[in-house]
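Dropping the structure in here first, questions after.
The values are calculated or read from the model by the stated rules, or taken from the named source; none is laboratory data. Just so you know, these numbers come straight off a predicted model, no measurement behind them. Neighbour counts run over all protein chains shown; Cβ positions are idealised from the backbone, glycine included. SASA here: full protein model, heavy atoms, side chains in, ligands and nucleic acids out. Shrake-Rupley method; radii C 1.70, N 1.55, O 1.52, S 1.80 Å.
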Amino acid sequence: MSCRRGALIVLEGVDRAGKTTQCQKLVHALQQSGRAAEMMRFPDRTTKIGQLISSYLEKKSNLEDHTVHLLFSANRWEMVPLMKQKLEQGINLVVDRYAFSGVAFTSAKPGFSLEWCMNPDIGLPKPDLVMFLQLNPNMAADRGEYGIERYETSAFQRTVHQRFEELMQDSSVNWKVIDAARTIEEVHKDIKLLSECIISLAENQPVGELWS
Ligand code: T5A
Ligand code: NA
């Protein structure tokens, strides 16, 4: 077995920015170039906790705001053993949303500070690279109607965008801003290049701890 670990690569952005599209293309491109790569997404709706979250997002159930925030965080923590195992095996993980979505969405609700929201995610495996797909929320809304899920309104998305901007001030995280208003192929080219660079850099370093 190789002693080189895989890189933890996260894609973030407001709803409709193209995260899922780009995660899938990146995993495919990395695999084509002979690198081990797998996709993960948060929320992971397949677990018991994920099912509670999914039902909340689909407005089939209501959950108290602090409670749902902690469930989103627990949904990441429950995957940590698997994530660490895969990284150690040299598999590059491409992750669709992570703790940054968790903080940006809850702190967009009245009465939630950024600090309170960050707390439960402190110590998660730290991404080697976080690419923020930058897209004006008005343009995002043009990519198809916002759906019927909770949080899918323009006003809320604008506040979420502001919270992401605040999170990006933190230089302890390796943020790269990607202009997502271009074609899928143009955006992909940038993402692939940045990812290939970080894979080479990360392979000889231990996995860090987020926000600690
Ligand atoms: N949430 C999440 C929290 O509140 N706390 C948390 O801790 C976490 C992790 C579910 C919700 O949960 C919240 C945030 C969310 O509100 P989700 O299941 O990831 O999150 O949301 P989805 O609805 O699956 O995904 P998004 O709406 O965010 O869309 P994506 O993934 O950004 O965009 P994508 O790739 O699906 O593309 C959307 C459309 O645009 C087109 C695509 O073909 C597609 O039709 N498109 C483009 N069109 C033109 N040009 C381009 N460059 C395009 N790229 C994609
Ligand atoms: Na998505």
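Taking the range 82-110 as the search range and keeping residues that are touching a residue at least 12 places away in the same chain (Cβ under 8 Å) and in a loop (DSSP other than H, G, I, E, B), which one is surrounded by the fewest Cβ atoms within 10 Å (Cβ to Cβ)?
Out of the qualifying residues, it is Gln89.
Looking only at the range 46-55, decide whether some residue is away from ligand 1 (no atom under 11 Å from the Cβ), open to solvent by 20 Å² or more (accessible area, probe 1.4 Å) and in a loop (DSSP other than H, G, I, E, B).
yes
Report every pair of residues separated by at least 6 positions or lying on different chains whose Cβ atoms are under 7 Å apart, first residue within the range 173-199 and over 17 Å from Asp96 (Cβ atoms), second within 16 Å of ligand 2 (Cβ to nearest atom) and part of a loop (DSSP other than H, G, I, E, B).
If the second residue must be within 16 Å of ligand 2 (Cβ to nearest atom) and part of a loop (DSSP other than H, G, I, E, B), the pairs left are Ala181/Leu135.
Further question: Given the condition assigned to a helix (DSSP H, G or I), within 29 Å of Ala180 (Cα to Cα), away from ligand 2 (no atom under 16 Å from the Cβ) and without any contact (Cβ under 8 Å) to a residue 60 or more places away in the chain, answer yes or no: does some residue in the range 36-45 qualify?
Looking for residues that are assigned to a helix (DSSP H, G or I), within 29 Å of Ala180 (Cα to Cα), away from ligand 2 (no atom under 16 Å from the Cβ) and without any contact (Cβ under 8 Å) to a residue 60 or more places away in the chain, one finds none in the range 36-45, hence no.
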